[in-house]
Amino acid sequence: MQVGMTSFKARAKSALADATLKTAIDRTAGNAETKRATAVGEFPQFDAARRRGRKIKDHVIANLEHYLTQFERNAIASGAKVHWARTSQEASRIVIDICKAANAKSVTRSKSMLGEEIGLPHALEAAGIERVETDLAEHIVQLADETPSHIVWPAMHKTREQVAELFKSQHQELPASDAIPDLVESARKDLRRKFLNADVGISGANFLIADTGAICTVTNEGNAELTTTPPKVHIVTAGIEKLVPSLGHAFMLLRLLVRSATGGDFTQYTTFHCGPKRPEDADGPEEFHIVLVDNGRTKMRRELPEMLRCIRCGACMNHCVVYRQIGGHAYGATYPGPMGSVLTPVLDGLKQSRELPHACTLNGKCAEVCPVEIPLPSLLRGWRERSWKEGLEPVTVRAGIGGWAFVARRPGLYHMATAIAVRLMRLFKRGGRIAWMPFAGGWTEYRDLPAPPKKTFINAYHASRRGAKP
Amino acid sequence: MTDARDSILQSLRESSNTGGAGTIGGVGSDEIAAEAQALLDDPIAVRPTLPSADIVDSFITRARGAKVGATVDRIASMETLPATVAAYLAEAGERAQLCRQPTPSLEALDWAAAGIDVRGDIDDGAFVAVALWGISETGSVVVHSAADQPILSSFLCGVQFIVLKAERILAHLEDYAAAVQGDLAPRNACLITGASGTTDIEGSLVKGAHGPRELHIIIVGGV
Ligand code: SF4
């Protein structure tokens, strides 16, 4: 998806003025934040597991060619057809061609952010193929004719009242009330029939298992299996960074992914799909296609290899003060929040998206919660610097940034400056929130800023390092 | 799509050779395999501990815990399975009807004697199947697609009964990976950890999103 025409500033401003949006985000993201903290608290090995997870991802990224070819070999041996796509257009075209070859009239989709990234919803519509989103949140987003606003909870921006309105106006089986269980029941009835009538089922993949050629999907709803089992054809679209050497490595990453995403210990349905229906099998698709998508990833491997570690858990956005205030749509891109602000310049170009890396307070919260230790704030700083170097920043910004860049390139000064800024911000604090602060009118006009913690992240990080056993 | 394949692999090869951050160029398969294996070392350091020293007790604790939310029964032998299922259905106020996995160990049982009407059509009703493994760490049960294991049934039913032999319960996820290592992977290997749930509306949990509203696990033997 391309960054929209209106500026980020304009979108953020209107998001800030939307009180309903703030309510909706706080209900879900607040829940997610609390649940993650509990799940991590109950897993004392979390930090060691994170380091391991990061090493697994780094190992795969370093040896990507090896794992891709191993995966391809095993997938073909299992009866799968493997396709390769350099760009989002190429990937969409491959999927549409497979659908057309299968004479598909109706396609079910199990939520996949890669599918959004390559513009699959639009491509299916353009090809005149009925698209049925089966993840409940994606179903809501489809009824509202919107795009996902979060990578784990695509309908995070909707309150239950808004969902009730949509279901009442568009479901055959009306919800018995506005209570959430009644809304879910209404969607269950509406979607069940569609699962069984689809010609093609499309899913993403959370992992590609190199040594078996299987792909892994995780859902709590069970919609992935309902999407991929009844139709004649199952198509998987996956980014090439999704590889892991074996099942054991996938499990190590799943422990991190689930806790970071929803605060659960394990997803309700974790399924490994390997090839089409075998002759003796009771059910399953006759054709199984895997589309391996690059779309900027080989470039990212050269320029931003750390970002390829991302397992799309969404924790960085749940914990981001900016995301929590403006929601996902204001970012105007497929991926919102801190990880999105790093990815979007790769996918859509820095010129169109140069404002995104600025939508960050550099409070370090995202890096603190990232289960694969992606240094998001420094990657964002990298984009800011690059935008400045390439002359993409407007003149007024350039004047300000000039001073900032001078300081930022000198770590000692940078720490001092941020520490001073924190102390200044604390002066304006009233009961834990900042209601007004000079030079931040555009922000505090609508929202109270959370007061910064006494120490900066970097201070706290060093303090904890000093306390930690080597 | 040979072009795309070649150009993606070529571009990966080029960036490896430049020795950019996080890349190592020209490493052989054996070294890669050894490095991958080393990443699985010392699993104890990176996985959760079980709630109890007993594997079956741990499984029950996890499966009954709020995160999985299953119910668990223990019976001594398969013969009492129909009566146990009937009692559960009666208590839940469900009809005494059931669809069963077409497998000999379930087909051999006398369901009629327990007052259960065995049906062919699932249609949101009850379904009983036998799991291949249980995993204590997560409270998961594992089913593999096969001639006698239709995958769809586990997702179309409203109430799911899973039969699990006590001796098939493994401690950790890695133990399942080790158990299937070297086997031909089935078309589908499903790790089922609770009923179908969603938190998509305001983050609040509702059971029965698309599939089962309830998961009842019956552990057989080992009592
Ligand atoms: S950047 Fe880290 S925290 Fe954010 S989605 Fe990716 S893995 Fe999760």
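The values are calculated or read from the model by the stated rules, or taken from the named source; none is laboratory data. None of these values were measured; they are calculated from a predicted model. Cβ placement follows ideal geometry from the backbone for every residue including glycine, while neighbour counts extend to all protein chains displayed. Surface areas here come from the heavy atoms of the whole protein model, side chains and all, with no ligands, DNA or RNA. Shrake-Rupley method; radii C 1.70, N 1.55, O 1.52, S 1.80 Å.
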Sort segment A:34-299 into rounded, prolate or oblate with this rule: let a ≥ b ≥ c be the square roots of the eigenvalues of the Cα gyration tensor; rounded if a/c is under 1.5, and if a/c is not under 1.5, prolate when a/b is larger than b/c, oblate otherwise. oblate
Simple spin-label estimate for A:Lys81 and B:Arg13 in nanometres, 7 Å along Cα-Cβ: 2.7 nm
For chain B, modelled as a GNM with alpha-carbon contacts under 10 angstrom, which of B:Thr193, B:Thr103, B:Thr61 fluctuates the most? B:Thr103
Considering only B:Gly208, B:Gly134, B:Gly28, give the residue with the highest GNM mean-square fluctuation for chain B, with springs between Cα atoms whenever their separation is below 10 Å. B:Gly28
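Where a ≥ b ≥ c are the square roots of the eigenvalues of the C-alpha gyration tensor, would you call the protein assembly as shown rounded, which needs a/c under 1.5, or, failing that, prolate if a/b is larger than b/c, or oblate? Present the calculation step by step, with values, prior to reporting the outcome.
Details: a/c = 1.59, a/b = 1.50, b/c = 1.06.
Judged from the Cα gyration tensor, the protein assembly as shown comes out prolate (a/c at least 1.5, a/b above b/c).
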In segment A:221-237, which residues give up 30 Å² or more of accessible area once the other protein chains are added, compared with their chain alone (1.4 Å probe)? A:Glu221, A:Glu225, A:Leu226, A:Thr229
Could you calculate the contour length gain from A:Glu130 to A:Gln89, that is, 0.36 nm times the residue separation minus the distance between their Cα atoms, to one decimal place in nm? 12.8 nm
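Please report the carbon-and-sulfur percent of the accessible area for chain B; probe 1.4 Å, protein heavy atoms only, DNA, RNA and ligands left out. Numbers along the way, then the final one.
Numbers: 4620 of 9030 Å².
Solvent-exposed carbon and sulfur of chain B make up 51 percent of the total.
Let me know the shape class of segment A:1-156, please: from the alpha-carbon gyration tensor, a ≥ b ≥ c as square roots of the eigenvalues, rounded when a/c is under 1.5, otherwise prolate if a/b is greater than b/c, or oblate. Show your work: numbers first, answer last.
Working: a/c = 1.96, a/b = 1.10, b/c = 1.78.
Because a/c hits 1.5 or more and a/b fails to exceed b/c, segment A:1-156 counts as oblate.
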Identify all lysines with a Cα-Cα distance to A:Lys389 below 19 Å; exclude those on the same chain that are fewer than 8 residues away in sequence. A:Lys351
To the nearest 20 debye, what charge dipole does segment A:34-299 have about its Cα centre, counting +1 at the Cβ of each Lys and Arg and -1 at the Cβ of each Asp and Glu? 720 debye
Taking the simple approach of a point 7 Å from Cα along Cα-to-Cβ for both B:Ser77 and B:Val118, what is their distance in nm? 1.9 nm
Determine the percent antiparallel among the DSSP beta bridges restricted to segment A:34-299, to the nearest 5. 25 percent
Choose one of B:Phe127, B:Ala178, B:Ala113: the residue whose Cα lies farthest towards the positive end of the charge dipole of the protein assembly as shown (beta-carbon charges +1 Lys, Arg; -1 Asp, Glu; about the Cα centre). B:Ala178
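Which value, in debye to the nearest 20, describes the size of the charge dipole of segment A:161-247 about its Cα centre when Lys and Arg Cβ atoms bear +1, Asp and Glu Cβ atoms bear -1, and nothing else is charged? Can you show the working numbers first?
Numbers: 8 positive and 12 negative charges, 72 e Å.
Dipole magnitude for segment A:161-247 comes out near 340 debye.
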Rough spin-label spacing in nm, given labels placed 7 Å along Cα→Cβ, for B:Ser204 and A:Lys100: 4.7 nm
Residue-normalised value, i.e. accessible area per residue, for the protein assembly as shown at 1.4 Å probe, in Å², stands at 39 Å²
Straight distance only, please: which aspartates and glutamates reach the Cα of A:Lys57 with their own Cα at less than 15 Å, same-chain residues fewer than 8 apart left out? A:Glu65, A:Glu241, A:Glu306, A:Glu373, B:Glu35
Probe radius 1.4 Å, ligands and nucleic acids left out: can you give me the accessible area buried at the B-A interface, summed over both chains, in Å² to the nearest hundred? 7500 Å²
Loop only by DSSP, 13 or fewer other Cβ within 10 Å of the Cβ. Give me the GluC sites (Glu not before Pro) in segment A:19-114 that pass, ordered by residue number. A:Glu42
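So if I place +1 on the C-beta of Lys and Arg and -1 on the C-beta of Asp and Glu, and nothing else carries charge, what would the dipole magnitude of the protein assembly as shown be about its Cα centre? I want it in debye, nearest 20. Present the calculation step by step, with values, prior to reporting the outcome.
Numbers: 79 positive and 78 negative charges, 725 e Å.
Dipole magnitude for the protein assembly as shown comes out near 3480 debye.
For A:Ala37 and B:Gln97, what is the calculated FRET efficiency with R₀ set at 45 Å and r taken between the beta-carbons, to the nearest 0.05? Mind dumping the intermediate values first?
Details: r = 44 Å, r/R0 = 0.97.
So, using R0 = 45 Å, E works out to roughly 0.55.
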Within a Gaussian network of chain B (alpha carbon springs, distance under 10 Å), most fluctuating of B:Arg100, B:Arg213, B:Arg13: B:Arg13
Partner aspartates and glutamates for A:Lys100 [C-alpha distance under 13 Å; skip if fewer than 8 residues away on the same chain]: A:Glu125, A:Glu130, A:Asp199
Linear extension gain, B:Ala90 paired with B:Val223, 0.36 nm per residue minus alpha-carbon span: 45.4 nm
